[in-house]
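Input: a single structure, listed below in structure tokens.
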Amino acid sequence: MHTGDARIRPRSDTTLYVYLGAVQPILESWATTRKRLREITRKDVHAAVEALRGRRLSNTVTALKSLFRFATKRRRIFTNPTTQLHPGAHPYPERLPLDEVTLKTTASAAVTPVLRLIVALAAIHAARPQAIRQLTLDDIDLPNRRIILDGLARPLDELTHDALRDYLTERRQRWPHTANPHVLLSRLTAGGVEPVSTYYLKQHLLVRHYVRLDDLRADRVLEEALSRGPDPLHLVL
């Protein structure tokens, strides 16, 4: 699944990580009473997912269907027990403040200049992943402590200022001759002018540390709403 072939497109590391996390408990449970995937029935599959709800249900069903579809194409099984299984639509999850464990995980994840910068932009400035990717050198004014995110100028706090300074120092040392105007660079974008990919952000946080930028941003927006009231104009700014 990771490398793909002529009949199956390769899956990204992020997709495989999510799929494995969804199906591993189910596979371990089946392994106590079954020896092969071909022994799994449609009834077993429905029993494994019947208690799940929302996004967890959707992710698990998608992962199971992908697994059994792959096994069918490789002739490891003869009947696909997930053919009538559908993930269905799920509502947007309720947003709650991040718990202490997640906050500690986030803090421990920010161990490099690029990680500290990404976390600071999402957690302090509630920057969307696209805004982080599209941030350019012209959007930053370190001497006057200003930054432009999503077209809006805002003050630059001490933590983000230091994170930017440290990352830009590393950036100059690693790619001294790059003409790319974007702040974040990778080995794939340093030779061009395009921003880093969405996967670049996920690779640094979701895959390695299981920290989601959307959760960090939502936590910051929720904190503002709880402290200043749900003023839409203020939250947008």
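The values are calculated or read from the model by the stated rules, or taken from the named source; none is laboratory data. This one's a predicted model, so the numbers in the text were calculated from it and none came from an experiment. Using ideal geometry, Cβ is built from the backbone for each residue, glycine included, and neighbour counts are taken over all protein chains shown.
Key figures
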item: Every pair of residues 6+ apart whose Cβ atoms lie under 7 Å, when the first sits in segment 148-169 and is at positive phi while the second is in a helix (DSSP H, G or I) and surrounded by 15 or more Cβ atoms within 10 Å (Cβ to Cβ); result: Asp150/Ala131
item: Residue in segment 29-37 that is surrounded by 15 or more Cβ atoms within 10 Å (Cβ to Cβ), in contact with a Phe, Trp or Tyr (Cβ under 8 Å, 6 or more places away or on another chain) and in contact (Cβ under 8 Å) with a residue 40 or more places away in the chain present; result: yes
item: Test: Leu159 is part of a helix (DSSP H, G or I), within 24 Å of the chain's Cα centre (by Cα), hydrophobic (A, V, I, L, M, F, W, C) and farther than 25 Å from Thr189 by Cα; result: yes
item: Residues within segment 106-127 that are among the hydrophobic types (A, V, I, L, M, F, W, C), at pLDDT 70 or above and assigned to a loop (DSSP other than H, G, I, E, B), tallied; result: 4
item: From the options Thr178, Thr189, Thr169, residue that is part of a loop (DSSP other than H, G, I, E, B) and at pLDDT 95 or above; result: Thr178
